[in-house]
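Q: For reference, the structure I am asking about is given below.
The values are calculated or read from the model by the stated rules, or taken from the named source; none is laboratory data. Owing to the predicted nature of the structure, the values given are computational and were not obtained by experimental measurement. Note that each Cβ is placed from the backbone with ideal geometry, even for glycine, and that neighbours are counted across all protein chains shown.
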Amino acid sequence: MDSVCTAHHVVERTPRPPLPSLGGSYALLLHLNSPTLLRIGYMGLIPLLPGDYVYTGSARGPGGLAARVGRHLRLPEMRRARWHIDHLTAIAPPLALVARVHGDEERYECKWAALLARQPGISRPVPRFGSSDCACPSHLIRWPAPLTPEELRDFLEQAPYT
Ligand SMILES: [Zn+2]
C-alpha cells in the first residue's frame, strides 16, 4: 500500500485493508468518468456530473476506521446499501482515503464538509447526502477540478482542530 503519513493525517492511495481499528474521521476521494444516475431509495435517480467527489464521514464505535472504511471498500460485493455513500461507492470505488485518528468525542466530518464547501465552484448535487443526523447541507461535494489525495489532505489540514 502506498501511504503517506503526516503529523495528523494519513493518506492512502487505492485504500485497502488493514486500516486502523481506532475511531476517526475520514474523507474519501471518488471519481466518476461519465455522467451517472445515482439511485438512492426515497430520492429516486439523481444525475451526477463526471469529475472528482469528496465524501466526509466519521467512524466511531467497535472496529473504528477499519470497520467503517473497510465496508466502503467491500462494496459493490455487499448486497444491501445502508448509508447514502454505499450507493456511490458501489459504482465509484474510492480512489484515496484521508483519515485522522481521534477519540470518540471528536467529529470532523462536518467541519471538513464546511471547509471543502468554501472552495469556489464546488457543488453539492445530493441534498443531505450523508448528513441526515447533522445540519450540514451535504457531506458529498463535487470538486470543480481534478483533485489529488495530497491536495485533499492539505485542505483538511486547514480545519480548526481542537
Ligand atoms: Zn455534517
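Q: Which residue pairs have Cβ atoms closer than 8 Å, lie 6 or more positions apart in sequence or on different chains, and pair a first residue in segment 117-133 that is within 21 Å of ARG82 (Cβ to Cβ) with a second residue that is among the aromatic types (Phe, Trp, Tyr) and part of a loop (DSSP other than H, G, I, E, B)?
A: These pairs meet every condition: GLY130/TRP83.
Q: Can you tell me which of SER131, SER138 is crowded, with 17+ Cβ neighbours inside 10 Å, closer than 23 Å to GLY51 by Cα and at pLDDT below 95?
A: Step by step, each of SER131, SER138 is checked, and only SER131 is crowded, with 17+ Cβ neighbours inside 10 Å, closer than 23 Å to GLY51 by Cα and at pLDDT below 95.
Q: Let me ask something else. Kindly provide the set of residues from segment 141-156 that are surrounded by fewer than 15 Cβ atoms within 10 Å (Cβ to Cβ) and assigned to a loop (DSSP other than H, G, I, E, B), ordered by number.
A: Across segment 141-156, the qualifying residues are PRO144, ALA145, PRO146, THR148.
Q: Report those strands (runs of 3 or more DSSP E) wholly inside segment 18-62 carrying at least 3 residues which are hydroxyl-bearing (Ser, Thr, Tyr).
A: On the way: elements: 24-32, 36-40, 44-48, 51-59.
Filter on segment 18-62 gives 51-59.
Q: Continuing with the same structure: Against the definition (buried (at least 20 other Cβ atoms within 10 Å of the Cβ), farther than 24 Å from LEU49 by Cα, away from the ligand (no atom under 12 Å from the Cβ) and of a type outside the set (Ser, Thr, Tyr)), how does ALA67 come out, yes or no?
A: No; evaluated as a whole, the condition is false for this residue.
Q: Do you know which residues across segment 44-66 are out of contact with any Ser or Thr (no Cβ under 7 Å at 6 or more places or on another chain) and more than 26 Å from LEU115 (Cα to Cα)?
A: Residues satisfying the conditions are GLY44, LEU45, PRO62.
Q: Across segment 72-106, what is the number of residues that are part of a loop (DSSP other than H, G, I, E, B) and at pLDDT 80 or above?
A: Matching residues across segment 72-106 total 7.
Q: Exactly one condition in (1) within 26 Å of SER34 (Cβ to Cβ); (2) touching a residue at least 40 places away in the same chain (Cβ under 8 Å); (3) within 14 Å of the ligand (Cβ to nearest atom) is false for ALA92; which is it?
A: Checking ALA92 against (1) within 26 Å of SER34 (Cβ to Cβ); (2) touching a residue at least 40 places away in the same chain (Cβ under 8 Å); (3) within 14 Å of the ligand (Cβ to nearest atom), the one that fails is (3).
Q: A further question on this structure: If you go through segment 125-140 one residue at a time, do you hit one that is more than 13 Å from the ligand (Cβ to nearest atom), hydroxyl-bearing (Ser, Thr, Tyr) and either at positive phi or in a loop (DSSP other than H, G, I, E, B) (or both)?
A: The answer is no, given that none of the residues of segment 125-140 is more than 13 Å from the ligand (Cβ to nearest atom), hydroxyl-bearing (Ser, Thr, Tyr) and either at positive phi or in a loop (DSSP other than H, G, I, E, B) (or both).
Q: Working only within segment 31-47, note down all residues that are in contact with a helix residue (DSSP H, G or I) (Cβ under 8 Å, 6 or more places away or on another chain) and either crowded, with 17+ Cβ neighbours inside 10 Å or at pLDDT 90 or above (or both).
A: Across segment 31-47, the qualifying residue is only LEU38.
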